[in-house]
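Input: a single structure, listed below in structure tokens.
The values are calculated or read from the model by the stated rules, or taken from the named source; none is laboratory data. None of these values were measured; they are calculated from a predicted model. Quick reminder, even Gly has a Cβ in these numbers, built from the backbone with ideal geometry, and neighbours come from all protein chains shown.
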Amino acid sequence: MKDLNEFKRIRLAVLPTPVQRLENISRLLGANVWIKRDDMTGVGLGGNKVRKLEFLLAEAKEQGAEVVFTTGGAQSNHAMLTAACAKKLGMTPILILKKRGVTACKGNQLLEKLMNTDVRFMDTDDYEDIYAEMDRVGRALGRPYYKIPCGGSNALGALGYVACAKEIADAGMRFTHLICAEGSGGTHAGLALGAKLFLPGTTVLGMMVDTDPFDVITLDIMRQTAALLEADVDLGPEDVHLRDMCGPGYAIPSEAGGRAMAVMAENEGLFLDPVYTGKAFAGLLAMAEEGAFGPSDNVLFLFSGGAGGIFAECGA
């Protein structure tokens, strides 16, 4: 298997991110609950996408790209962090976003304005329309460009979370469960593959915040990432564990997510977001209530950031 250090990587994140025990939550749930602070990756307001961008933007630089395109919803954390990282590297980010969600100048839209980012909206539900528009705009600019898919969720981006799993293993930590939000598949895929390689005995669960077929998407990214690594590992549907926490729809706050945000804030002074981490933590709370965690289990929750969404989606 290839070593992760064999891949081109630009160090952008402050790593390793802390792992902290949630003492009050653990007492409340009667379970051992820990949190991986990937909201503290050090660019923008932090978040999981910085790990992916270390690999993706390294490839962009290697290919001589001057312009970086990416996409997502109007309040995409990934898009905002792509802009921040690209600006940090002296590249020009252009965000072509779905005209879905809160497009007003608040939340991540405000952060993008502060960075003087070129943000464009398309009234479409099909990302293929957006990727075609990226090519049209890129050709018209006449400058070398690089396209990053929604969420940075491809095999190269997922290496960031294979590396995260190794980071946990290298620290000598072992968890029975590792829980993350599932919005485009790449973070879950990287963690699940990384757990298979470096964290035996750890079950990775993706809490779905969208309605895409993540059983197929996640496994496909896992297999492609394993191929990149030349890892001799058998992967099948049994390696993908999912729970539907979408509620009324993607980027629409749910009652369960709102309660979970309040539980975390009131007990630990940490602020989850209504689109991703709030719903994901709601899934963890539901599992605890169902008796899924025993006294000898150690549960790790990936806090993947998303602070901008609090100031856009809540009360929007």
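In the stretch 22-50, which residue that is farther than 21 Å from residue 286 by Cα and touching an Asp or Glu at 6+ places or on another chain (Cβ under 7 Å) is surrounded by the most Cβ atoms within 10 Å (Cβ to Cβ)?
48
If residue 267 meets every condition in (1) modelled with pLDDT of 95 or more; (2) crowded, with 18+ Cβ neighbours inside 10 Å apart from one, which number is that one?
(2)
Considering only residues that are in a loop (DSSP other than H, G, I, E, B) and of a type in the set (Ser, Thr, Tyr), look in the stretch 270-313 and name the one that is farthest from residue 206 (Cα to Cα).
The qualifying residue farthest from residue 206 (Cα to Cα) is 296.
Taking into account only those residues within the stretch 105-126 that are touching a Lys or Arg at 6+ places or on another chain (Cβ under 8 Å) and farther than 15 Å from residue 82 by Cβ, which is surrounded by the most Cβ atoms within 10 Å (Cβ to Cβ)?
Per the criteria, the residue is 122.
Go through the stretch 169-194 and give me each residue that's surrounded by 24 or more Cβ atoms within 10 Å (Cβ to Cβ), more than 11 Å from the chain's Cα centre (by Cα) and assigned to a helix (DSSP H, G or I).
192, 193, 194
Of the residues that sit in the stretch 232-251 and are buried (at least 16 other Cβ atoms within 10 Å of the Cβ) and farther than 22 Å from residue 300 by Cα, which one is modelled with the lowest pLDDT?
So, considering only residues that are buried (at least 16 other Cβ atoms within 10 Å of the Cβ) and farther than 22 Å from residue 300 by Cα, the one modelled with the lowest pLDDT is 251.
Among the listed residues 59, 54, which satisfies the condition of being within 22 Å of residue 225 (Cβ to Cβ), of a type outside the set (A, V, I, L, M, F, W, C), under 14 Å from the mean Cα position of the chain (by Cα) and outside the structural domain of residue 12 (by TED's automatic domain parsing)?
Result of the check over 59, 54: 54.
Only one of 79, 158, 65 is over 15 Å from the mean Cα position of the chain (by Cα), of a type outside the set (S, T, N, Q) and at pLDDT 95 or above; which?
65
Checking residue 90 against (1) of a type in the set (Gly, Ala, Ser); (2) within 19 Å of residue 11 (Cα to Cα); (3) crowded, with 17+ Cβ neighbours inside 10 Å, which test does it fail?
(3)
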